[in-house]
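Pasting a structure below so you can have a look.
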Amino acid sequence: MLSKQLTALGQEPVVHTFLKRKNYFPHEKLENGAWSVYLPMERDDMLKEIRGNQVSFQDCFVANYFFLLSFAFPTIPELPGSLPITVPRGSPLLSSWEACVLLSAVVVADTETFQTNDSFRTWTRIRVPPHSLTDSERHSVSAVVISYNIIFILINDVLYVKTDSAFIRLGSKENLPESGIVGIASRKWCWPKYLMKTGKGRSIMVVWTKNEVYLGYPSLQFIKIMTTETLRKSINMPPAGALTVHNVAYTGHPLELGLLLNYCITCDVTKKIHLVIYNEDSEQWVLQDFVLNVMADTFLKLFFLYSALPEFILWDKHRVYYCYNNFTNTGVVQTPTTFGNLSELSHESIIHDVFVDYYGNIVVKMENNIMFFFKINIEDAVKLHRWTNSTTKSLIFLNSSAQGYLVYVSEHGTVSPQEFPIVLEIQSIALKTKEKCPFVAFTTNIFYVFYFLDKGQNLTVWAQIVYPENIGLYIIVESYGPKLLKIKKQIHYEIVSGYCTKTMFITFSQTVKYEAVNDYFKLQYQNTGVMLIQTRPSEYTKTCPVSLKVFQIAVGCDASKYIAVKGFNKRCTPHDFYYIIEKSYLRNRPSKNLRVQYNWQKYGCPLRLNFREKFHPLIELYSDEGFVEDVSVNFIVWEIHGRNDYSFNTTMAKTGCLHEAQTWKSMIELNRDLPLEKVWGPEFL
């Protein structure tokens with residue numbers, strides 16, 4: 001009844017997709033009090049929002065609603081007679097989640113292992129066949145990673161994989177060591193689109209020992225990318241000290257991972273922690289300007305933040321360390337009274353886990369469930385209100401709307417989720433601390449997380465900040481990656497009613513000229529790559545709702561684009577179609593006529609033309625989303641079977657050429673060792 005009344009007032013919901021910015025409307029009239037909207041299932045455009053018209057009903061509006069529409073991710077079924085796998089008795093919870101499908105997660109407790117595909121509204125238990133592990137091994141899980149419907153489990157330095165049909169020990173067959181594995185990790189941030197110059201696939205997880213690092217791929221094959229000895233030489237580390245792998249994590253960049261290294265000479269009292277970043281596309285290791293001195297027995301966990309620059313936090317049992325602004329701002333996250341020692345403010349409990357979201361919010365959870373909060377680029381933390389008692393096992397996850405929720409695991413082997421409104425908790429604390437955000441609003445027109453710039457294309461975006469006058473805020477633009485684009489900024493400034501508004505227009509343009517170069521493809525390869533860009537206010541506090549806006553700009557040839565000749569109709573019925581080319585019309589003058597079978601699958605429906613009319617093909621450019629533009633550049637046409645009985649409708653002299661231009665005859669003479677389709681192309685211009 002409400003829907004019918006709202007429809008009469010002009011209400012019509014629209015489903016909006018966040019990544020591709022598409023809108024889908026109801027296909028039919030309201031039927032039985034419901035609108036029907038048909039949506040495509042797309043892996044790279046899953047986050048959606050239902051939006052309505054601004055129609056009020058009894059002085060109320062209908063709120064927008066976020067949801068995640070993904071392909072089915074069935075949980076692994078529990079087989080009869082199978083046995084539980086757990087962390088050691090009394091240990092805190094372990095977890096893993098699918099970066100691009102936040103609904104899918106796994107939790108390992110000291111009673112059971114649980115898997116969900118709907119943010120723990122429902123869940124199943126992950127168990128293993130009897131006799132596959134000893135009782136001691138079943139209760140010794142030290143790490144877990146979920147990738148779609150495959151779960152990787154680390155037990156006593158050995159890696160296992162659990163699927164819906166098998167439980168397998170991984171080893172030399174998969175190019176992994178049989179034992180000695182120290183850790184495993186997966187991506188934390190979702191980049192559904194990215195550009196790899198090499199064209200190879202991206203890894204889904206990383207595995208490491210004390211001296212080796214492996215990348216894992218969906219086919220359950222692993223590739224060793226580093227040993228500490230080869231790395232020592234490539235980054236010029238002194239040979240005198242011991243060098244081992246401390247920890248590994250994927251960065252905020254879609255193609256990079258960070259590696260913490262232990263370096264020490266005596267190794268009895270202290271050691272140095274170094275950071276190296278590896279790029280999967282270039283396969284290069286780069287030693288970063290970061291060194292941390294810690295005690296020899298200290299173990300640090302690593303988490304890269306959602307940022308264009310490689311910003312990250314580290315933590316041991318008692319303190320959280322930060323590294324901001326491209327390694328220029330480092331230190332210990334401070335507290336009001338204990339100089340950063342969170343244990344002293346939480347009844348001597350130790351740090352269990354750190355939760356980070358896409359908005360820059362960071363929550364540090366202690367083992368007794370006391371929590372502290374700070375934000376990216378903020379150097380101090382505040383204590384949050386307690387949400388549960390000190391004995392309940394809990395973790396914080398992200399749901400499909402990128403909002404936090406708590407998961408509780410009981411001693412009886414059950415799981416229950418609870419919403420955790422981080423923003424409200426921050427505002428509640430802000431009432432006591434009197435902390436305020438220095439700006440009123442920070443907005444941009446950056447609607448996508450991925451932009452693709454083909455040759456000659458530019459991109460202009462804007463960012464705007466509104467703040468009380470006399471504060472002096474401004475907008476910062478930062479980039480990371482190869483310097484492929486020229487960045488031009490223009491600032492507009494105005495003051496109205498005591499508030500300042502600064503708007504920055506940012507234009508990204510290409511300066512490379514591809515005409516008349518010696519090696520066209522080499523130049524194209526050198527100027528292909530990914531840049532990460534972020535815009536942020538110059539100053540903000542823990543109470544600010546938005547910290548920064550991060551997006552990719554890929555520069556190069558878009559593999560999703562393709563060309564087509566205008567007029568070709570793909571709606572036809574393929575059939576056996578042969579035709580004969582007389583031998584006198586063929587370039588090589590063979591002894592027999594050539595019988596050709598038309599390839600329907602490759603070329604589509606033939607275009608019917610009158611042979612008395614002149615034919616000038618019109619080329620159109622398409623992408624995954626449909627027609628893009630008409631192709632206006634010069635192009636070359638040739639007959640693929642070698643016939644040469646066609647003619648042209650103008651000459652070089654009539655066209656106004658000052659010198660003889662390239663011709664098929666001249667290019668074939670110059671490149672006799674090449675096949676016909678390669679004798680003439682952009683590399684010869």
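The values are calculated or read from the model by the stated rules, or taken from the named source; none is laboratory data. Computed from a predicted model, the values in this text were never measured in an experiment. Cβ atoms come from the backbone with ideal geometry, glycine included; neighbour counts cover every protein chain shown. Side chains included, ligands, DNA and RNA excluded: accessible areas come from the protein's heavy atoms. Shrake-Rupley method; radii C 1.70, N 1.55, O 1.52, S 1.80 Å.
Do we find that Lys502 is of a type in the set (D, E, K, R), open to solvent by 70 Å² or more (accessible area, probe 1.4 Å), free of Cβ contacts under 8 Å to residues at least 40 places away in the same chain and outside any loop (DSSP other than H, G, I, E, B) in this structure?
No; evaluated as a whole, the condition is false for this residue.
Additional query: State all residues of region 209-257 that are closer than 20 Å to Gln288 by Cα, of a type outside the set (A, V, I, L, M) and in a strand (DSSP E or B); if no residue qualifies, say none.
Matches in region 209-257: Glu212, Thr227, Thr244, His246, Asn247, Tyr250, Glu256.
Let me ask something else. Quick one: in region 1-55, of everything that is hydroxyl-bearing (Ser, Thr, Tyr) and closer than 27 Å to Phe447 by Cβ, which residue is modelled with the lowest pLDDT? It would help to see each step written out before you state the result.
Looking only at region 1-55, we keep the residues that are hydroxyl-bearing (Ser, Thr, Tyr), and these are 3, 7, 17, 24, 36, 38.
So of that shortlist, the ones also closer than 27 Å to Phe447 by Cβ come out as 17, 24, 36, 38.
Working: Thr17: 85, Tyr24: 90, Ser36: 90, Tyr38: 90.
Top of the filtered list is Thr17.
Sticking with this one: For the structure I just gave you, tell me whether Leu83 is at pLDDT 95 or above, over 30 Å from Leu215 (Cβ atoms), open to solvent by 30 Å² or more (accessible area, probe 1.4 Å) and of a type in the set (A, V, I, L, M). It would help to see each step written out before you state the result.
Details: at pLDDT 95 or above: yes; over 30 Å from Leu215 (Cβ atoms): yes; open to solvent by 30 Å² or more (accessible area, probe 1.4 Å): yes; of a type in the set (A, V, I, L, M): yes.
Yes, satisfied.
Which residue out of Ala143, Ala109, Ala105 is out of contact with any Phe, Trp or Tyr (no Cβ under 7 Å at 6 or more places or on another chain), buried (at least 17 other Cβ atoms within 10 Å of the Cβ) and within 24 Å of Ser203 (Cβ to Cβ)?
Ala143
List every residue pair whose Cβ atoms lie under 6 Å apart, where the two residues are 6 or more positions apart in sequence or sit on different chains, the first residue falls within region 475-499 and is touching a residue at least 40 places away in the same chain (Cβ under 8 Å) and part of a loop (DSSP other than H, G, I, E, B), and the second residue, located anywhere, is open to solvent by less than 60 Å² (accessible area, probe 1.4 Å) and small (Gly, Ala, Ser).
Partner pairs satisfying both residue conditions: Pro482/Gly529; Leu484/Gly529.
Check whether at least one residue in region 158-165 is basic (Lys, Arg), surrounded by 20 or more Cβ atoms within 10 Å (Cβ to Cβ) and modelled with pLDDT of 95 or more, and report yes or no.
Quick first cut of region 158-165, residues basic (Lys, Arg) only: 162.
If we keep only those that are surrounded by 20 or more Cβ atoms within 10 Å (Cβ to Cβ) as well, we get 162.
In the following step, the residues that additionally are modelled with pLDDT of 95 or more were identified as 162.
Checking region 158-165: at least one residue is basic (Lys, Arg), surrounded by 20 or more Cβ atoms within 10 Å (Cβ to Cβ) and modelled with pLDDT of 95 or more.
Turning to a different aspect of this structure: Can you find a residue that is without any contact (Cβ under 8 Å) to a residue 24 or more places away in the chain and either over 21 Å from Pro40 (Cα atoms) or touching a Lys or Arg at 6+ places or on another chain (Cβ under 7 Å) (or both) anywhere in region 100-120?
Checking region 100-120: not a single residue is without any contact (Cβ under 8 Å) to a residue 24 or more places away in the chain and either over 21 Å from Pro40 (Cα atoms) or touching a Lys or Arg at 6+ places or on another chain (Cβ under 7 Å) (or both).
For Thr7, all conditions in the list (1) in a loop (DSSP other than H, G, I, E, B); (2) of a type in the set (S, T, N, Q); (3) surrounded by 14 or more Cβ atoms within 10 Å (Cβ to Cβ) hold save one; what is the number of the exception?
(1)
A follow-up question, please. If we keep just the residues of region 115-149 that are of a type in the set (Lys, Arg) and farther than 16 Å from Pro417 by Cβ, which is farthest from the chain's Cα centre (by Cα)?
Restricting to residues being of a type in the set (Lys, Arg) and farther than 16 Å from Pro417 by Cβ, the top hit is Arg138.
Looking only at region 94-108, decide whether some residue is polar (S, T, N, Q) and assigned to a loop (DSSP other than H, G, I, E, B).
No, region 94-108 has no match at all.
Sticking with this one: Which of the residues belonging to region 113-139 are surrounded by fewer than 20 Cβ atoms within 10 Å (Cβ to Cβ) and part of a loop (DSSP other than H, G, I, E, B)?
Passing the criteria: Asp118, Arg121, Thr122, Pro129, Pro130, His131, Ser132, Thr134, His139.
Also: Identify the residue in region 255-304 that is open to solvent by less than 20 Å² (accessible area, probe 1.4 Å) and among the β-branched types (Val, Ile, Thr) and, among all such residues, is farthest from Val550 (Cα to Cα).
Val294
Here's a follow-up. Just the residues that are open to solvent by less than 80 Å² (accessible area, probe 1.4 Å) and farther than 22 Å from Gln597 by Cα, please, taken from region 557-577.
Hits for region 557-577 are Cys557, Asp558, Ser560, Lys561.
Does region 196-203 contain at least one residue that is open to solvent by less than 40 Å² (accessible area, probe 1.4 Å), out of contact with any helix residue (DSSP H, G or I) (no Cβ under 8 Å at 6 or more places or on another chain) and assigned to a strand (DSSP E or B)?
Scanning region 196-203 turns up no residue that is open to solvent by less than 40 Å² (accessible area, probe 1.4 Å), out of contact with any helix residue (DSSP H, G or I) (no Cβ under 8 Å at 6 or more places or on another chain) and assigned to a strand (DSSP E or B).
Continuing with the same structure: Please specify each residue of region 508-524 satisfying the condition of being surrounded by 14 or more Cβ atoms within 10 Å (Cβ to Cβ), in contact (Cβ under 8 Å) with a residue 24 or more places away in the chain and not in a loop (DSSP other than H, G, I, E, B).
Phe508, Ser509, Tyr520, Gln524
Wholly within region 305-376, which strands (runs of 3 or more DSSP E) include no fewer than the required count, namely at least 1 residues that are buried (at least 21 other Cβ atoms within 10 Å of the Cβ)?
It comes to 312-315, 320-324, 351-356, 361-366, 371-375.
Out of Val294, Val245, Val286, I need the residue that is more than 30 Å from Cys190 (Cα to Cα) and among the β-branched types (Val, Ile, Thr). Which one?
So the residue among Val294, Val245, Val286 that is more than 30 Å from Cys190 (Cα to Cα) and among the β-branched types (Val, Ile, Thr) is Val294.
When the residues of region 622-671 are filtered to those that are more than 30 Å from Asp45 (Cα to Cα), open to solvent by less than 60 Å² (accessible area, probe 1.4 Å) and β-branched (Val, Ile, Thr), which remaining residue is modelled with the highest pLDDT?
Filtering region 622-671 for residues that are more than 30 Å from Asp45 (Cα to Cα), open to solvent by less than 60 Å² (accessible area, probe 1.4 Å) and β-branched (Val, Ile, Thr), the one modelled with the highest pLDDT comes out as Ile668.
Mind counting the residues in region 466-485 that are surrounded by 12 or more Cβ atoms within 10 Å (Cβ to Cβ) and within 30 Å of Leu195 (Cβ to Cβ)?
Of the residues in that region, 10 qualify.
Something else now. In this structure, is Ala185 within 20 Å of Val415 (Cα to Cα), assigned to a strand (DSSP E or B) and of a type in the set (Gly, Ala, Ser)?
no
So, one more: Go through (1) surrounded by 13 or more Cβ atoms within 10 Å (Cβ to Cβ); (2) in contact with a strand residue (DSSP E or B) (Cβ under 9 Å, 6 or more places away or on another chain) one by one and return the number of the condition Cys605 breaks.
Failing condition for Cys605: (2).
Turning to a different aspect of this structure: Tell me, please, whether a residue that is closer than 24 Å to Ala402 by Cβ and touching a residue at least 60 places away in the same chain (Cβ under 8 Å) can be found in region 48-65.
No, the conditions are met nowhere in region 48-65.
Here's another thing I want to ask about it. Which of the residues spanning region 608-621 are surrounded by 11 or more Cβ atoms within 10 Å (Cβ to Cβ) and free of Cβ contacts under 8 Å to residues at least 40 places away in the same chain?
Answer for region 608-621, where residues must be surrounded by 11 or more Cβ atoms within 10 Å (Cβ to Cβ) and free of Cβ contacts under 8 Å to residues at least 40 places away in the same chain: just Phe615.
Report whether or not Ser538 is closer than 30 Å to Phe373 by Cβ, of a type in the set (Ser, Thr, Tyr) and touching a strand residue (DSSP E or B) at 6+ places or on another chain (Cβ under 8 Å). Please lay out each step first, then the result.
Working: closer than 30 Å to Phe373 by Cβ: yes; of a type in the set (Ser, Thr, Tyr): yes; touching a strand residue (DSSP E or B) at 6+ places or on another chain (Cβ under 8 Å): yes.
The answer is yes for Ser538.
Further question: Can you pull out the residues in region 50-81 that are within 17 Å of Pro40 (Cα to Cα) and touching a strand residue (DSSP E or B) at 6+ places or on another chain (Cβ under 9 Å)?
Once the filter is applied, which keeps residues that are within 17 Å of Pro40 (Cα to Cα) and touching a strand residue (DSSP E or B) at 6+ places or on another chain (Cβ under 9 Å), region 50-81 yields Ile50, Phe66, Phe67, Leu68, Leu69, Ser70, Phe71, Phe73.
Another question, then. I'm trying to understand the selection: among the residues of region 38-80, which are open to solvent by less than 80 Å² (accessible area, probe 1.4 Å), over 30 Å from Tyr451 (Cα atoms), aliphatic (A, V, I, L, M) and in contact with a Leu (Cβ under 9 Å, 6 or more places away or on another chain)?
Val55
Another question, if that's okay. Please list, ordered by first then second residue, the pairs with beta carbon atoms under 6 Å, 6 or more apart or interchain, first in region 185-204 and acidic (Asp, Glu), second open to solvent by 30 Å² or more (accessible area, probe 1.4 Å).
Nothing qualifies.
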